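Report on the following structure.
The values are calculated or read from the model by the stated rules, or taken from the named source; none is laboratory data. Just so it is clear, the model here is predicted, and its values are computed rather than measured. Here Cβ is always computed from backbone atoms with ideal geometry, including for glycine, and neighbour counts include all displayed protein chains.
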Amino acid sequence: MSGPFDAIVVGASPGGLVAAAYLAQAGAHVLVLEAEAQIGGSAANTRSLGDLAVPAGAHTLCALDPRVVKDLKLARRGLKFVARDLAQIGLRSEGKPLALVRDVHAASRAVETVSARDAARFGEFRHELFALGRALRAIWWDEGELDAAAHRDELRRLKVTSAAAYLDSAFESEALKAAFAFDAMEGGMSPADAGSSLLFAWRAAQEMCGLQGAVAVPRGGPAALVASLFAAAKAAGVEIRTQTPVASLLLSDGAVSGVVAGNEEIPARVVLSSVSRRHTLLTLAPSGAVGFATASRLLERVERVGAAKLVLALDALPAFAAAFPSGRFVVAERLENCIAAHGDARAGRLPSDLALEAVVPTAFDSSLAPGHHILSVLIRPLPISPAEDWETLALRLSERVVATLERHAPGLPSSIVAQNFVAPATGGEMFDAAHIAAGWRERIATPIGGLFLCGEAAEPVPVTSGRAARIAAAMAWALLKGEVR
Amino acid sequence: MTAELLRATPFHARTAEANRLNRWENRGGFTLAASYADAHAEAVAARFGAALADVSWRWRAAVVGARAGEFVSRLFTRDASQLAPGAAVEALWLNDAGGVRGLGTIVRMGQESFLVISELADPDWMTKSAALYGVTVRDVTAEEGVLALVGPYAGNLLQAAGLDANLEPRALRKFFWKGLDVTLSRLGSGFELWCPPDDALIVWDRLVAAGRAYALRPVGIAAMDLLDLESGVPRAGRDFTPARDGFSSEPSPQSLGLAGFVDRGHAFNGRAGHLAAGAERNLVGILLDSETPAPQTALMRDGRAVGRTLGSLNSPAMGRAIALAVVDADAIAPGTALVAGGTAGHVCALPFLPIPVPIPTGDGRSAP
């Protein structure tokens, strides 16, 4: 089965596959073009770790759209979760880890060890945050509007509130605030940025496995999500071509009319791009296709702070994971240090203080690496284009990260059998509070008619979700059906 | 523009000598004579004889690069990439949403180079957008002095000075003029003579010497502004405030009556916004019974607003206040009575007065 196609999807990342599957299910003839040999983008197992392969992106999922799971029947296509609710655990240099588990009473008892005052407030804090998160699903789950004035006011307030100020007003304990430091730097934001408090509300609005604000891990890792999406896309009749990079977009009269891939012109009425906004609008689209002001803004707003990933293959379970198998372990000193570190990273320097999030997926998924353990560590905030190149920094940073984790897992260095370092991704656009609070159409639609973004660039927060893809597919389908011009 | 030092034009030594009354004005960062004697008399002289004005202050930017043609084609509302070398076109440039950022003249200098001339500089916009095409935009305002020669006898004067004045409108040609490299152009209502700063005083002296037979007089920018307005030419900065944001759709070419500068079929930046902008308003002249109204004064007809005024001045040649205005389609008929902020007036067709175009040379007519 080949051409003519109604829609072309650029990039077979989870977002691209979701958009393709939705459009094909609706009845469109869809072609997905992937530059790499393997589909899945950063969720695919492309990095080697000894005999194993691991993804370049996060090991966990925190924002997968429940409607995507349902509509594309992903559970029936092999998506099973082995960890449904990883507890947020702050590892402290001295004292017991701060286990902020779902049970508010248990979490309060843990907080009690650092501050009685914060322990008394913790329940109320989470209750209020979750209530707000549920209300904000109207704008973050679909193209809805907030109906209660109180929630609109709260959203307005958070848009100008930094994560640091938000935590400061809630808690007094540095250890407790530090446990939130990693989440406060999602998307390269600084905890001091206005609007970074929205990251907490956004996280609280998510739902994994039916649990609000949960972080989950599928059996087989994120690659299992890719496999189930591939099955859904195939079942719907999507054609996928790998090793076919899209060279440029074809335009006629200001609207997209197809793509050029591998010396071939492939016509299509709509194109959905799961790659970055900058790559789509500046590299793929011909010069002048988007306005000068738009293009200049895209060029200027380069993301400078990102996250790296260090994956270790171990022959022993690290001590902290033995104590809490289903945990995501946050190591951060103080929130203020993270703010200073972010400034360093923005200036291209390797910060002296870093925030880490460690997960041991093998602690709950024995199928992943029989006989071994995998320790996956995300590191923030890091310069995307450092003064020294990442080749040289990688080794230094890896040693530092291992040394930091060794304090919580004695004997860690000697248990390492293999390791892989993934440098921060380049080419993303600057992410800010305005982006989180913008409407879906604003993030998905482009100045070029018939061209939509469906990847992480169109999400409120750049993580794997599939929500932008689902909404982009609906917009593209409405255009194909002639419901909108 | 940021505050910077006031610069002298290459002709300053001569203009200072002629400017007995010491009336100066800052235009585009340059010191210019506002008027040498009586601005009104100067404006009238430019209509009947020949007048010399220093217009070195006008912003000029060189657009150079392999993709310069592609860039100017996208930048301006008329396709300047189709121009032959030495030819010029007047056009607008719009922001992404279709708001007018500027109005200027684009001259093709060569295969890969263009010159943009405008009364109001917009370097940031052009530099940033040119970078998208790998094209450079360089401010060349200070690199050449420019004199405007206006009036019916401007051509004869140039002929007498030894320059071939047989140049069609909206064209530019380089000359080797008795040892000097100069450029002669007809981009506005008269001629413009361009020269390197070092030759500026010689060029001034030669023109003044040749102009004696034509009663040539230096005129200040006040008189030039008046000629502009009487000719019905809208100017950015005087008649409208351009959009300074990349994404605001105001002012649209339609709202300023500038839609005539737009080739709707051409693919330019902001086209979608322009096509979506509201109904076209029309640029007309208003003759007023008493003093000049402030810019953007509402024009009322039978108690209903039908338009707004743009720039206005007292025209000595017409003996009354005149204003450019944009009005709705039902108020464009000459003679339509309107009220501008308490002052009665009526619509008249543009230009208010015939543009003082040079009499074609070599047709037997000679100096008075």
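Within the stretch A:433-458, residues that are within 14 Å of chain B (Cβ to nearest Cβ) sit with their Cβ atoms under 9 Å from residues that are aromatic (Phe, Trp, Tyr), at 6+ positions apart or across chains, in these pairs: A:Ala445/A:Phe452; A:Thr446/A:Phe452. The residues of the stretch A:88-138 that are touching a Phe, Trp or Tyr at 6+ places or on another chain (Cβ under 7 Å) and within 30 Å of A:Ala438 (Cα to Cα) amount to a single one, A:Leu129.
Among the residues here, B:Glu25 does not qualify as of a type in the set (D, E, K, R) and within 14 Å of chain A (Cβ to nearest Cβ).
Scanning the stretch A:409-446 for residues that are outside any strand (DSSP E or B), small (Gly, Ala, Ser) and closer than 30 Å to A:Lys96 by Cα returns A:Ala409, A:Gly411, A:Ser414, A:Ser415. Evaluated against (1) of a type in the set (A, V, I, L, M, F, W, C); (2) at pLDDT 90 or above; (3) crowded, with 19+ Cβ neighbours inside 10 Å, B:Ala213 falls short on exactly one condition, (3).
Per this entry, B:Ala121 is not counted among residues that are away from chain A (no Cβ under 14 Å), assigned to a helix (DSSP H, G or I) and either within 17 Å of the chain's Cα centre (by Cα) or surrounded by fewer than 19 Cβ atoms within 10 Å (Cβ to Cβ) (or both). If B:Ala87 satisfies every condition in (1) more than 20 Å from the chain's Cα centre (by Cα); (2) surrounded by fewer than 16 Cβ atoms within 10 Å (Cβ to Cβ); (3) not assigned by TED's automatic domain parsing to the domain that holds B:Leu216 but one, which is the exception? Looking at each condition in turn, B:Ala87 falls short on (1).
Residue by residue, here is whether (1) within 14 Å of chain B (Cβ to nearest Cβ); (2) buried (at least 23 other Cβ atoms within 10 Å of the Cβ); (3) not basic (Lys, Arg) holds:
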site	(1), (2), (3)
A:Ala231	no, no, yes
A:Val238	no, yes, yes
A:Arg241	no, no, no
A:Ala261	no, no, yes
A:Arg304	no, no, no
A:Ala313	no, no, yes
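Which numbered condition trips up A:Glu303, out of (1) of a type outside the set (S, T, N, Q); (2) modelled with pLDDT under 90; (3) farther than 30 Å from B:Asp124 by Cα? Unmet condition: (3). Filtering the stretch B:237-271 down to residues that are more than 12 Å from chain A (Cβ to nearest Cβ) and among the basic types (Lys, Arg), which residue is farthest from B:Trp125 (Cα to Cα)? Looking at the filtered set, the residue picked out is B:Arg264.
Restricting attention to the stretch B:73-86, the residues that are under 14 Å from B:Arg271 (Cα atoms) and within 14 Å of chain A (Cβ to nearest Cβ) add up to 6.
Scanning the stretch A:281-295 for residues that are in a loop (DSSP other than H, G, I, E, B) and more than 7 Å from chain B (Cβ to nearest Cβ) gives A:Ala285, A:Pro286, A:Ala289, A:Val290.
B:Met1 falls short on exactly one of the conditions (1) more than 30 Å from B:Leu132 (Cβ to Cβ); (2) modelled with pLDDT under 95, and that condition is (1).
Screening the stretch A:444-464 for residues that are closer than 28 Å to B:Asn269 by Cα and touching an Asp or Glu at 6+ places or on another chain (Cβ under 9 Å) and picking the one that is surrounded by the most Cβ atoms within 10 Å (Cβ to Cβ) gives A:Ala457. Checking A:Ala308, A:Ala247 one by one, the residue that is outside the structural domain of A:Ala179 (by TED's automatic domain parsing), touching a strand residue (DSSP E or B) at 6+ places or on another chain (Cβ under 9 Å) and surrounded by fewer than 19 Cβ atoms within 10 Å (Cβ to Cβ) is A:Ala247 and no other. Looking at the stretch A:129-147, is at least one residue of a type in the set (Lys, Arg), closer than 29 Å to A:Pro325 by Cα and buried (at least 19 other Cβ atoms within 10 Å of the Cβ)? Among the residues of the stretch A:129-147, not one is of a type in the set (Lys, Arg), closer than 29 Å to A:Pro325 by Cα and buried (at least 19 other Cβ atoms within 10 Å of the Cβ), which makes the answer no.
Name the one entry in B:Ala62, B:Ala91, B:Ala66 that is at negative phi, out of contact with any Phe, Trp or Tyr (no Cβ under 6 Å at 6 or more places or on another chain) and more than 14 Å from every other protein chain (Cβ to nearest Cβ). Just a single option satisfies the conditions, and that option is B:Ala62.
Going by the structure shown, is B:Leu115 in a strand (DSSP E or B), more than 14 Å from chain A (Cβ to nearest Cβ) and either within 13 Å of the chain's Cα centre (by Cα) or more than 24 Å from B:Val182 (Cα to Cα) (or both)?
no
Rundown of residues vs (1) more than 16 Å from the chain's Cα centre (by Cα); (2) under 11 Å from B:Ala61 (Cβ atoms); (3) within 14 Å of another protein chain (Cβ to nearest Cβ), yes/no style:
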{"site": "B:Lys128", "(1), (2), (3)": "yes, no, yes"}
{"site": "B:Ala131", "(1), (2), (3)": "yes, no, yes"}
{"site": "B:Gly134", "(1), (2), (3)": "yes, no, yes"}
{"site": "B:Arg138", "(1), (2), (3)": "yes, yes, no"}
{"site": "B:Thr141", "(1), (2), (3)": "no, yes, no"}
{"site": "B:Val146", "(1), (2), (3)": "no, no, no"}
{"site": "B:Asn156", "(1), (2), (3)": "yes, no, no"}
{"site": "B:Ala160", "(1), (2), (3)": "yes, no, no"}
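Screening A:Ser48 with (1) assigned by TED's automatic domain parsing to the domain that holds A:Ala231; (2) surrounded by fewer than 16 Cβ atoms within 10 Å (Cβ to Cβ); (3) outside any strand (DSSP E or B) gives one miss only, at (3).
Please determine, by comparing only the residues of the stretch B:91-105 that are of a type outside the set (Ser, Thr, Tyr) and within 12 Å of the chain's Cα centre (by Cα), which one is nearest to B:Gly188 (Cα to Cα).
Checking each candidate, the answer is B:Gly104.
Beta carbons closer than 6 Å, at least 6 apart along the sequence or on distinct chains, pair a first residue in the stretch A:8-26 that is more than 17 Å from A:Ala43 (Cβ to Cβ) with a second that is part of a helix (DSSP H, G or I) and among the small types (Gly, Ala, Ser) for A:Tyr22/A:Ala473; A:Leu23/A:Ala473; A:Ala24/A:Ala236; A:Gln25/A:Ala236.
In the stretch A:220-250, the residue that is modelled with the lowest pLDDT out of those that are farther than 13 Å from A:Gly40 by Cα and assigned to a loop (DSSP other than H, G, I, E, B) is A:Gly220.
Can you say whether A:Ala184 is buried (at least 24 other Cβ atoms within 10 Å of the Cβ) and assigned by TED's automatic domain parsing to the domain that holds A:Ala53, as far as the supplied structure shows?
Numbers: buried (at least 24 other Cβ atoms within 10 Å of the Cβ): yes; assigned by TED's automatic domain parsing to the domain that holds A:Ala53: no.
Here the answer is no, as A:Ala184 does not meet what is asked.
Test each condition in (1) touching a strand residue (DSSP E or B) at 6+ places or on another chain (Cβ under 9 Å); (2) surrounded by fewer than 24 Cβ atoms within 10 Å (Cβ to Cβ) for A:Lys96 and report the one that comes out false. Evaluating A:Lys96 over (1) touching a strand residue (DSSP E or B) at 6+ places or on another chain (Cβ under 9 Å); (2) surrounded by fewer than 24 Cβ atoms within 10 Å (Cβ to Cβ) leaves (1) as the failure. All of A:Ala223, A:Ala236 fail the test of being in contact (Cβ under 8 Å) with a residue 60 or more places away in the chain and within 27 Å of A:Asp365 (Cβ to Cβ), apart from A:Ala223. Regarding the stretch B:187-199, can at least one residue be identified that is among the polar types (S, T, N, Q) and either at pLDDT 95 or above or out of contact with any helix residue (DSSP H, G or I) (no Cβ under 8 Å at 6 or more places or on another chain) (or both)? No, the stretch B:187-199 contains no residue that is among the polar types (S, T, N, Q) and either at pLDDT 95 or above or out of contact with any helix residue (DSSP H, G or I) (no Cβ under 8 Å at 6 or more places or on another chain) (or both).
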